[in-house]
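A short write-up of the structure that comes next.
The values are calculated or read from the model by the stated rules, or taken from the named source; none is laboratory data. Predicted model only: the values in this text are computed from it and were never measured. With ideal geometry, Cβ positions are generated from the backbone for all residues, glycine too; neighbour counts draw on all protein chains shown.
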Amino acid sequence: MAAVYQALHRRVSSLACRLHSTYVRKMRYLNQLKEDDSLCRQAQTSGTFYLFHNLSPFLQKAGKKYLVPQLSATGALDKSVIESELQGSFTDLRKALFVVDSEDSPLLASAQSLLRWHDSHQYCSKTGQPTQKNAAGSKRVCHASGVTYYPQMSPVVITLVSDGSRCLLARQPSFPPGMFTALSGFCDLGENVEEAVQREVAEEVGLEVQSLRYSASQHWPFPSGSLMIACHALVAAQQAEISMDTLELEEARWFGLEEIVEGLKREPGSSKQGDGSFLPWFPPKQAIAHQLILEWLQQQTAQTA
């Protein structure tokens, strides 16, 4: 009986600690804000806000750094007035994500995705009637049909392909000059992650994946809110000849260890050569493709050490 009591006491104590942890309290409070309109409106009176105009966040430049001002609730102001008064500017999100602190970039990405979702879900797909958002903006409701709409993300696989000693990177025509990155594509209906990786690699570069492993995931606000699922894929070295899909890609090629090391040192706009061509450079550290490339580099370095 004493053993049962001690076990129960430990379970209750453990539960109490979890329920009073900072993270649990925060998550439960945020969930309350989503569902309780009156609590959300109360929080808005003392909360701070990120400013957006046409889906572009407002940034202030402080020396060599860019800051995202968190402002108290105010009445509507003209864009030019805001930029003049606060000495900043509304900046394209793609540029903003790569110049703000790591704490701000995921919040800006989430905020823009939510704003974009609301803009594209103003009407019910069943009745055509206007939908109404709740105070927190966590959902929209069609009162004519009773349908509730919640924001959703599209799953995307992003894959760094390797043949054991090289990794494969590609570029699309819309990319900035010289930028190469890992292969990526949306998951089709009915596919799991493994099937999506195998299909995308086969479609885009004509290679057959032998094995793959999961790395990490990241929310990405482009084109409208995606969940990037990052994986490493291995293909046979003797079957590593690229057959590129020219409708999707402008260029795809293998990179050796030294090329990856040099490419990681380059920054956007710094790789132009005298003849007008651009040396390869890779996505900055805020992008999950950068993490995949670093992981591959670390693995190669460990193998050659």
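Scan segment 251-305 residue by residue and report those that are aromatic (Phe, Trp, Tyr) and closer than 23 Å to residue 212 by Cβ.
254, 255, 282, 296
Based on what the data block shows, is residue 155 surrounded by fewer than 19 Cβ atoms within 10 Å (Cβ to Cβ) and at pLDDT 95 or above?
So residue 155 passes the test.
Which numbered condition in (1) closer than 30 Å to residue 201 by Cα; (2) in a strand (DSSP E or B); (3) free of Cβ contacts under 8 Å to residues at least 60 places away in the same chain is the only one that residue 158 fails?
(3)
For segment 263-297, which positions are surrounded by fewer than 13 Cβ atoms within 10 Å (Cβ to Cβ) and farther than 23 Å from residue 105 by Cβ?
Within segment 263-297, 272, 273, 274, 275, 276, 277 qualify.
Can you find, within segment 140-152, the residue that is surrounded by the most Cβ atoms within 10 Å (Cβ to Cβ) among those that are part of a loop (DSSP other than H, G, I, E, B) and under 23 Å from the mean Cα position of the chain (by Cα)?
Step by step, filter segment 140-152, then rank; the result is 151.
Taking strands (runs of 3 or more DSSP E) that do not extend beyond segment 194-305, which have at least 1 residues that are more than 26 Å from residue 99 (Cβ to Cβ) and in contact (Cβ under 8 Å) with a residue 60 or more places away in the chain?
Of the strands (runs of 3 or more DSSP E) lying wholly inside segment 194-305, those with at least 1 residues that are more than 26 Å from residue 99 (Cβ to Cβ) and in contact (Cβ under 8 Å) with a residue 60 or more places away in the chain span 226-235, 251-255.
Looking at 128, 137, can you tell me which residue is closer than 26 Å to residue 45 by Cβ and outside any strand (DSSP E or B)?
137
Does segment 266-289 include one or more residues that are within 16 Å of residue 163 (Cα to Cα) and at pLDDT below 90?
No, segment 266-289 contains no residue that is within 16 Å of residue 163 (Cα to Cα) and at pLDDT below 90.
Of the numbered conditions (1) closer than 30 Å to residue 191 by Cα; (2) in contact with a Phe, Trp or Tyr (Cβ under 6 Å, 6 or more places away or on another chain), residue 90 fails exactly one; give the number of that condition.
All conditions are met except number (1).
Here are some residues: 202, 233. Which one is loosely packed, with under 15 Cβ neighbours inside 10 Å, modelled with pLDDT of 95 or more and either outside the structural domain of residue 109 (by TED's automatic domain parsing) or aliphatic (A, V, I, L, M) (or both)?
Going through 202, 233 in turn, just one is loosely packed, with under 15 Cβ neighbours inside 10 Å, modelled with pLDDT of 95 or more and either outside the structural domain of residue 109 (by TED's automatic domain parsing) or aliphatic (A, V, I, L, M) (or both): 202.
In segment 263-300, which residues are farther than 22 Å from residue 93 by Cα and either touching a Phe, Trp or Tyr at 6+ places or on another chain (Cβ under 9 Å) or not assigned by TED's automatic domain parsing to the domain that holds residue 181 (or both)?
263, 264, 265, 271, 272, 280, 293
Yes or no: residue 169 in contact with a Lys or Arg (Cβ under 9 Å, 6 or more places away or on another chain), touching a residue at least 40 places away in the same chain (Cβ under 8 Å) and either assigned to a strand (DSSP E or B) or buried (at least 16 other Cβ atoms within 10 Å of the Cβ) (or both)?
Considered against the rule, which asks whether it is in contact with a Lys or Arg (Cβ under 9 Å, 6 or more places away or on another chain), touching a residue at least 40 places away in the same chain (Cβ under 8 Å) and either assigned to a strand (DSSP E or B) or buried (at least 16 other Cβ atoms within 10 Å of the Cβ) (or both), residue 169 comes out as yes.
Are any of the residues in segment 67-89 modelled with pLDDT of 85 or more and within 26 Å of residue 228 (Cβ to Cβ)?
Checked segment 67-89: no residue is modelled with pLDDT of 85 or more and within 26 Å of residue 228 (Cβ to Cβ).
For segment 195-207, does any single residue satisfy the condition of being touching a helix residue (DSSP H, G or I) at 6+ places or on another chain (Cβ under 8 Å), hydrophobic (A, V, I, L, M, F, W, C) and more than 26 Å from residue 95 (Cβ to Cβ)?
Yes, segment 195-207 contains at least one residue that is touching a helix residue (DSSP H, G or I) at 6+ places or on another chain (Cβ under 8 Å), hydrophobic (A, V, I, L, M, F, W, C) and more than 26 Å from residue 95 (Cβ to Cβ).
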